[in-house]
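The values are calculated or read from the model by the stated rules, or taken from the named source; none is laboratory data. In this text, all values refer to a predicted model and were calculated from it rather than measured experimentally. Because the Cβ atoms are built from the backbone with ideal geometry, glycine has one as well, and the counts that use them run over all protein chains shown. Just the protein is used for accessible areas: all its heavy atoms, side chains included, with ligands, DNA and RNA removed. Shrake-Rupley method; radii C 1.70, N 1.55, O 1.52, S 1.80 Å.
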Amino acid sequence: MTAETIIQSLASGLLMGLLYGLIAVGLALIFGLMDVVNFAHGEFLMIAMYATFFLFVFFAIDPLLAAPLVAAALFVFGAVVYLLIVRFAVRAKANAGMVQIFSTFGLAIVMRGLAQYFFTPDYRSVTHSWLGGKTVSVAGIFLPVPQLVGALVAIAAFGALYLFINRTDFGRALEATREDAGAVALVGIDKNKVFALGWGLGAALVGLSGAVMAIFFYIYPDVGASFALIAYVTVALGGFGSVFGAFAGGIIVGLVEATTALLLPPSLKAVGIYAVYLLVVFIRPRGLFGSM
Amino acid sequence: MDTSFARSRRRDLIVAFCLAATAAVVPLFVKDVYVQNIMVLTLMWGALSQSWNILSGYCGQISLGHAMYFGIGAYTTALLFTKFGVLPWFGMLGGGIISAVLAMALGYPCFRLRGHYFVIATIVIAEIVLLLFHNWDWAGAAMGIDIPVRGDSWLKFQFTRSKLPYFYFALALACVAWFVTWWLEDSKWGYWWRAVKDNPDAAESLGVVVFNSKMGAAAVSAFLVAVGGSFYGQFVSYIDPESVMGFQFSLLMALPAVLGGIGTLWGPLLGAVILIPLTELTRSFIGGSGRGVDLIVYGGLIIAISLARPQGLVGLFSPRRKEAAR
Amino acid sequence: MTTPLLETRGVWQRFGGLIANSDVSISVGRGEIVGLIGPNGAGKSTLFNLIAGVLPPTQGSIIFDGEDVTALPAAERCQRGIGRTFQVVKSFETMTVIDNVIVGALVRTTVMRNARRKAHEVLEFCGLGPRANVLASDLVPSEKRRLEVARALATEPKLLLLDEVLTGLTPVEAKTGVELVRKVRDTGVTVLMVEHVMEIVMPLVDRAVVLDLGKVLVEGKPADVVRDPKVITAYLGDRHAVGA
Amino acid sequence: MLSVHEVTTAYQGLVAISAVSIEVAKGEIVCVAGANGAGKSTLLKSIAGAERPRSGTVSFDGMRIDGMAQHVITSRGIAYVPENRRLFPRLSVRDNLRLGSYLYRGEVNREEPLDLVFKLFPRLQERLEQRAETLSGGEQQMLAIGRALMTRPRLLMLDEPSQGIMPKLVDEIFQAVKRIRDAGMTVLIVEQRMSECLEIADRAYILQTGRVLMQGSAAEISVNPDVRKAYLGL
Amino acid sequence: QTSEVVIGVIYPFSGASAQMGVDAQKSFETALDIINKNHDFDLPLAKGEGLPSLGGAKIRLVFADHQADPQKGRAETERLITQEKVCAVIGTYQSSVAVTVSQICERYQIPFISADNSSPSLHKRGLKFYFRAAPHDEMFSAAMFNFFDAMKKKGAKIDTLSLFHEDTIFGTDSANTQLKLAADRGYKIATDIKYRSNSPSLSAEVQQLKTANADVLMPSSYTTDGILLVKTMAELGYKPNAIVAQNAGFSEKALYDAVGDKLEGVISRGSFSLDLAAKRPMVGKINAMFKEKSGKDFNDLTSRQFMGLLVMAEAINRAKSTDGEKIREALVATDIPGEQTIMPWKRVKFDEMGQNNDADPVLLQYIGGKFVTIFPPQAAIAEAVWPMK
Ligand SMILES: Nc1ncnc2c1ncn2[C@@H]1O[C@H](COP(=O)(O)OP(=O)(O)OP(=O)(O)O)[C@@H](O)[C@H]1O
Ligand SMILES: Nc1ncnc2c1ncn2[C@@H]1O[C@H](COP(=O)(O)OP(=O)(O)OP(=O)(O)O)[C@@H](O)[C@H]1O
Ligand SMILES: [Mg+2]
Ligand SMILES: [Mg+2]
């Protein structure tokens, strides 16, 4: 194994990690901060990718330009999902956790079914875009441009989310609603408004990542499944309640994955990620930076 | 007061007996193998969900990795049989014991985790085991294990066409799982588990050793699920990692209990009786279109039921619940 | 009286920079009712947690029934005879009242019939009999506090730690509460209780220990303690200076 | 200012208060007393919107508020401190207080009531960074009241504020309630410590098994022999 | 006489491989059209309507969804046999499902044609009712190595191979065969990478391929991974000398839509090639029929599915019965000359294990946006471009 291989692997791992972070950032808000399970996270990503794809096919909008549009569309979608489904799931007195898991799991299945119904199960790709297929090479290390941009978007998204949660009253209201949804009314907060906005924002972040992903990934109704578990592990590894944790979690997952692939057969790549998660929580039951 | 409680316990037992007896004669009238197949699956999933319910429903340790025990049961039996000629009955027992031991070994580090950290740990551990099986050549790796079926035999627990033996085994398994739950529900363990689920700190202050309670629940639950897995392997007579350990099996194990009523005696069976025929029928009769309509129907129903009755469908039937709510 | 039932020897508890208990040494004799009083945040509940085994003390040891229990976990201490209530109640919300109490009773017996009988007795004793089959989540706060007591009593403790279980009662109701605690003591249980309502503490306790800023401030007969100027300034305020 | 007219509220068919009517005029301190389970808390919940009355009306400043969402009622100037406090357990004391002034976010003087809160409960100022769940019982009560004050209510409803508070502070709290009233707020207070409460109250209601048993000026009530016997134990 | 002959078709119609099922459906419908209606093709049963020896009985297909789950495949097969009374079954895309489906067919003595499963282990299980008209991976891989040998003779440098395969039955089986052949024929395996199917990223894997830099890269991947593989190779600046793919993803339109521009010169094995239309015009016409339904050209999978139904129908016609045993006997006696297929096969004739050993695979090269047959010489219409690009 040459040094170049190792450096290239780590560089790719880092970029991939930031991408995992980008995919997880929406989840870090909904699952990590608001403490609501969203088993349909992968499917949110899937429709974001489809949205990007169709904007590209029908209006020839480059995914990069489409990103804000997709984010806006997903914002609406997320808020609607909250108001129509999740609102009732979080309200459930009996075993709220399971109700959340299974109502969103049901939603995931429905979304896949709808995607198959309307978009057919065909594999789609955005065939050419400004960034697609471009690569910069630094001293023999190849860095694909879409992933680089994805990494930048990830950093920006995490930064924005961090400021948003820690510097605004809305962020605090979100946390308060998570702590005791029944009590926020005591200080005049409308829990549904806050959570609907939270879901909208979370979904909008997924929208961003979907647009970036569409540049270089294939799209089909089940595509979300490839990312969902990693996104969950990323958020939990970083620790619930911490935006920075999810960011760090993504990077670690990417690097661990790359390292594992160097040491073990690549089909066992994921084992490295999972093992690191277990190791971390066995030592620190609240994840790396978690507050809850 | 005391007697009314005893009476309702006895009533549960009588109802269960009547149901089991009725179920036992049904296949004598319903000869269609497709329908019988659905009945076998319903009973099996009912039993699995009932077993899952012990750890996750009663004791509150939500596991979405139970497919691992299911798979280990199936693999132990199949490997012992195909490699060493050990009869499946011993394989079943062996798989159960291995799973129970594994459950406790894993419980040791995992039960310190709370909430989502625990759930994700269960998913991830099951996923690791799945990947290991996927790459374990001796155990067939991705090729799986094709259990050779030579003819009808109770000894080897394999039957070419008849579903009846499988049906009665699944019925027995469901009965055992139900009875174990019934029995544990009104025992020290049953109370401890519910206490641990509701408030571990308070439980600890009342002399409940929280850790041991969780271990007990995990072992019982894993054992029964592994027996179910062994059965499934024999029933399908072919196993591969994806088809016995996939994540979807863990979800499917939880789903009947959640829809029927998590942490209740009747919930898992009720959920299975509704859910399994539904999934089978939607797939069979609208799945062939290739347009995903079956998914939309199935997913939609899951959303509807879990939102409309978060406490589970069982509340619609059980007078005891209503009493408690009074 | 031989050895005291409970002794804390030089117990410390730190939370980061905050010292919640500093060098607390108290002892509770068998059959006593001892009042633990002191300002809000003085460290009373923390001391309860140390005695009951929720936390290991940063320093010091806890002697119960002649043995050092400092290293024992909470469940083990309960089995040895320490029963406690939580100031912020911790009922098993999805279980009925009777089932809550059965959990406690199961420490002493594994025969369900006996546990159930015991639970019914305790509920009657605490006046919760009519609420036996109600879900704990449907109880009002004052009932929940009584449930805490019932649960702890069902474990047949030698020492019962009561953390503000008689608050929120009208003076008349408080009197019944006082009677209840006396009855408990009469069954041979030693009681260590935290309470802020002097009307309850004064007539009930045999001895009072006053904590302030984590340290034992004064200790003695209740009548003496409330006259102590240190206690008055730190805890009681002027009204009680006159009243007592 | 607040007028509760024939309000009946039930829990799953079980009537907790029936046809209760009370009035609170601006600038008053009104005390509601009664035995355990009499329905005092239910009355406050019905006003605050935490429970929906089955019948009857609640008007605040001449406007009907029954049926409004709880957060809307809060934003109209009614602050409610429930019996079980309902703090945000894993948030810091500072954040709990800040959330109290959520309605005034963006305003420069949103922190204005903080002075009053710290004056009443200096302990809170020492513990700004501590998580609410690790506060002692009494400290939590202080924080709950402090958070309610941060919403700058015109009507403050306190459910047994003296619970878990040390004697010295109980008096201070009642004095504080008086000061709060003097600062322009109206107070509706549920208390078991009737004697102390009646000293500061203008008027009082006594509830029994869900109905108004007696009402009158604080002075009248406190000398009523039945009350003295049944509630004050004298 | 029966007026209708029912055949069960079992595929994944939902889940990750739903697309395969949907495409298969279109292919079977095309074959059905040809059998049930009058067409002037030199194919079995094309002329005239229905099955002549069963009094012109029409074939009806019943589709069932197995969702890639062996248990569901099993249950659906049982349903098809007992409820829908099918007299034959065709499936299944996933090899793991073929295992259970064929087992059930065996138990009920209903013939099963494994139309598009290429796992070699399937026909070696001693089943009497299992038939496969198409080649399996050993044959495919043998063709590849024959091709390498031929190219070497012509002076191409082919010493080292990189295997890149996914971790389900298809990939594992394919790689095992290739490893064996490589050892037998003296090729060196530079690296053998097994990866998890549907991975979110293949950069680590591609990096290892790049480091190994073998003379030939031999992927066994489905469409999704194929797309990601090619994109990742481009991103990491890895341009292999040659790619010889084990079909699957590399015969899918979706893959070429996505990354076709990066695949000029890629070679894939197959059992079908559109350039056969030059020799056999009906192939073009039938392809057009299929394209009208599906919007796609026939590919390796859909053409095999098409043939699966034709072979089965032809046997039923000869059996003059819908009895399973009779159909089986007819299948055993099948002998369809290659010209009466749309494939480059010599003929269709099953050995005692139910495998057609005369289904010669071909190698196709993707040039100028379409596939041309380059091997074996008798079928080739162009010389291989080597190295690619
Ligand atoms: N986990 C913790 N982390 C930090 N500080 C804590 C923690 N637990 C308690 N404290 C602090 O320790 C001090 C003692 O708390 P404790 O609950 O023992 O008081 P208390 O005497 O019971 O008061 P009260 O009468 O108000 O209930 C308090 O100031 C409290 O804020
Ligand atoms: N969530 C609930 N579910 C069912 N019943 C309830 C609930 N809350 C209160 N009740 C019942 O309503 C009645 C009135 O309760 P409420 O809490 O209003 O009394 P209270 O006067 O505040 O008593 P306390 O002095 O104990 O606080 C009681 O009989 C109680 O049992
Ligand atoms: Mg305390
Ligand atoms: Mg009350």
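Data table
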| item | result |
| --- | --- |
| Surface/4 estimate of mean projected area, convex hull on alpha-carbon atoms of segment D:106-234, nm² | 9.5 |
| Protection proxy ranking of B:252-262, E:50-60 - average other beta-carbon atoms within 10 Å, highest first | B:252-262, E:50-60 |
| Alpha-carbon centroids, segment E:104-126 and segment A:45-118: separation in whole Å | 41 |
| Descending semi-axes in whole angstrom, ellipsoid equivalent of segment B:27-148, from the Cα gyration tensor | 27, 22, 13 |
| Calculated from backbone phi, Karplus (6.51, -1.76, 1.60) coupling profile of segment D:68-77 in Hz, x at Gly/Pro | 6, 5, 4, 5, 5, 4, 4, 5, 7, x |
| Ranking by accessible area, most exposed first, for C:Arg30, C:Arg117 with a 1.4 Å probe | C:Arg117, C:Arg30 |
| Value at 222 nm in deg cm²/dmol, rounded to 500, when DSSP H runs of n ≥ 4 in chain E each add -39,500 (n - 2.57) | -13000 deg cm²/dmol |
| Cα coordinate range in segment E:284-334, projected on the principal axes (Å, largest first) | 38, 17, 15 |
| Karplus-derived HN-Hα couplings along segment B:214-230 (A = 6.51, B = -1.76, C = 1.60, θ = phi - 60°), whole Hz, x at Gly and Pro | 5, 4, x, 4, 5, 5, 4, 4, 5, 4, 5, 5, 5, 4, x, x, 4 |
| Within chain D, longest stretch clear of exposed GluC sites (Glu not before Pro) (DSSP loop, no more than 10 other Cβ within 10 Å) | D:1-106 |
| Chain B: most fluctuating residue of B:His116, B:His134, B:His66 per GNM, C-alpha cutoff 10 Å | B:His116 |
| Helical contribution to [θ] at 222 nm, DSSP H n ≥ 4, -39,500 (n - 2.57), averaged over chain D, rounded to 500 | -10000 deg cm²/dmol |
| Separation in nanometres of the label points that stand 7 Å from Cα toward Cβ, at E:Glu325 and B:Ala105 | 5.2 |
| Compactness index (Cα Rg / 2.2 N^0.38 Å), segment B:3-325 | 0.98 |
| Fraction of beta bridges assigned by DSSP in chain C that are antiparallel (%, nearest 5) | 55 |
| C-alpha long axis of helix A:96-119 to longest principal axis of chain A, angle in ° | 50 |
| Per-residue mean of C-beta atoms belonging to partner chains within 10 Å, peptide B:249-258 | 2 |
| Hull volume in cubic angstrom per residue (convex hull over the Cα atoms of chain E) | 117 |
| Percent carbon-and-sulfur accessible area, the protein assembly as shown, ignoring ligands, DNA and RNA, probe 1.4 Å | 60 |
| Using alpha-carbon coordinates, inclination of helix C:112-125 to the longest axis of chain C, degrees | 50 |
| 15 Å Cα-Cα reach of B:Lys214 towards aspartates and glutamates, excluding residues that sit fewer than 8 places from it in its own chain | B:Glu185, B:Asp198, B:Asp201, B:Glu204 |
| Chain E: DSSP helices with Cα axial extent of at least 30 Å and average Kyte-Doolittle hydropathy no lower than 1.6 | none |
| Modelled label reach - D:Glu129, point 7 Å along Cα→Cβ, segment D:87-112 residues with backbone N closer than 18 Å | D:90-98 |
| Translational diffusion of segment A:121-190, µm² s⁻¹ [Kirkwood Rh, Cα pairs; Stokes-Einstein; 37 °C; 0.692 mPa s] | 205 |
| Given E:Lys153/E:Lys279; E:Lys58/E:Lys346; B:Lys188/C:Lys221; B:Lys197/C:Lys118; E:Lys47/E:Lys262, the pairs whose alpha carbons are separated by over 31 Å | B:Lys188/C:Lys221; E:Lys47/E:Lys262 |
| Convex hull projection area averaged over all views, segment D:84-182, Cα basis, nm² | 6.0 |
| In degrees, nearest ten, helix A:63-81 long axis to first principal axis of chain A (Cα) | 30 |
| Rh by Kirkwood over Cα pairs, then Stokes-Einstein D for segment C:131-228 at 1.306 mPa s and 10 °C, µm²/s | 108 |
| Shielding of D:72-81 by partner chains, average beta-carbon count, 10 Å | 3 |
| Three-way shape label, segment D:2-230, alpha-carbon gyration tensor, a/c 1.5 | prolate |
| DSSP-defined antiparallel bridges as percent of all bridges, the protein assembly as shown, nearest 5 | 50 |
| Percentage of interatomic Cα-Cα distances in segment E:102-215 larger than 17 Å | 64 |
| Note, ³J(HN,Hα) from phi for segment B:96-101, Karplus 6.51, -1.76, 1.60, rounded to Hz, x at Gly and Pro | x, 5, 4, 5, 4, 5 |
| 10 Å Cβ neighbours from other chains, averaged over peptide C:74-84 | 4 |
| Rounded, prolate or oblate (a/c below 1.5 giving rounded, otherwise prolate when a/b exceeds b/c) for the protein assembly as shown by Cα gyration tensor | prolate |
| E:Lys291 - accessible surface, heavy atoms, 1.4 Å probe, Å² rounded to 10 | 90 |
| Whole-angstrom Cα spans of segment B:113-229 along principal axes, big to small | 58, 35, 18 |
| Three-way shape label, chain A, alpha-carbon gyration tensor, a/c 1.5 | oblate |
| Overall Cα dimensions of chain C, principal axis frame, Å, largest first | 52, 42, 38 |
